[in-house]
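I have placed the structure first, in the form of structure tokens, so that the comments after it can refer back to it.
Read the figures in this text as sums done on the coordinates, not as results from a lab. Note that the structure is predicted; figures quoted are calculated from it, not measured. Neighbour counts run over all protein chains shown; Cβ positions are idealised from the backbone, glycine included.
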Amino acid sequence: MTNTLTPTEFPNPDEFEPLDFLVVAPHPDDAEIGMGGTIMRMLDQGMRVGVLDLTSGEPTPHGSMETRIRETAAATSVMNLTWRGNAGLVNRALENTIEARIRIASYIRCLRPRWLFAPYYHDAHPDHLAATLLTEAARFQAKLSKTDMPGPRHHPERLYYYFCIHLRLAVQPAWIVDISEQWERKMEAVRAYESQMITGRPATPPTLIDRIRHEGEHWGRLINRTHGEPFDTKEPLALNSLRDLL
Ligand SMILES: [Zn+2]
């Protein structure tokens, strides 16, 4: 069996109401770990949020295509996402090629998100680094005219970075979202990936689940809340008002 999924069809832009946010993830589970709480908070506030997984995430030591598809569906239903698709690119071999860039740009044109989210740009995992470069390049590609890509020209206004990294970095995020209310549901979505989070992992503390919890508490503590998720931006933040700052 191949480790690549059939790419999700591009939504028809004439029928699909534009997304507010599109989160681009190298593997199914990265969006949940990095910003699952924020995704659900935005959905709770009535925004339209989608996730584009670039690869199947397989092979992994304890996963299989069937398991990963089932786990992704379970996490998607916990989060109640507006849209989720898979770009059908190759796990462990993700590269910033023109072909992959055009494919992601085509999703961007059909989904027309206002904002894009990509993995943070320092990481040990080559797929994550490639996903960041691909998202940056696809954002630009999506606004080009006179191309064969589906959908209208579209340029997401902002590109922000979420943290799902394989390095233990002492990062200084640009901002932190309060996800205290969404915390339990975030962990439910994360635990849906049992083959990645629990099976075969060392059971002595701190487990991988412990580590995700500690990080959520750490970021929450820095904003005087119980749980938070950090983000980064290369461009200055543009605020409408100071009213929503905690
Ligand atoms: Zn990943």
Candidates SER195, SER180 - the one that is of a type in the set (Gly, Ala, Ser), within 16 Å of the ligand (Cβ to nearest atom) and either under 15 Å from HIS227 (Cβ atoms) or in contact (Cβ under 8 Å) with a residue 12 or more places away in the chain (or both): SER195
So MET79, is it within 25 Å of SER180 (Cβ to Cβ), touching a Lys or Arg at 6+ places or on another chain (Cβ under 6 Å), buried (at least 23 other Cβ atoms within 10 Å of the Cβ) and touching a residue at least 40 places away in the same chain (Cβ under 8 Å): no
Members of the stretch 113-126 found to be in contact (Cβ under 8 Å) with a residue 40 or more places away in the chain and either within 16 Å of the ligand (Cβ to nearest atom) or surrounded by 21 or more Cβ atoms within 10 Å (Cβ to Cβ) (or both), listed by number: PRO113, LEU116, PHE117, ALA118, PRO119, TYR120, TYR121, HIS122, ASP123, ALA124, HIS125
Close pairs from the stretch 143-166: first of a type in the set (Asp, Glu), partner away from the ligand (no atom under 16 Å from the Cβ) and not in a strand (DSSP E or B), Cβ under 6 Å, at least 6 apart: GLU157/ARG114
Checklist (1) more than 16 Å from the ligand (Cβ to nearest atom); (2) in contact (Cβ under 8 Å) with a residue 60 or more places away in the chain; (3) of a type in the set (Gly, Ala, Ser) applied to GLY36, failing item: (1)
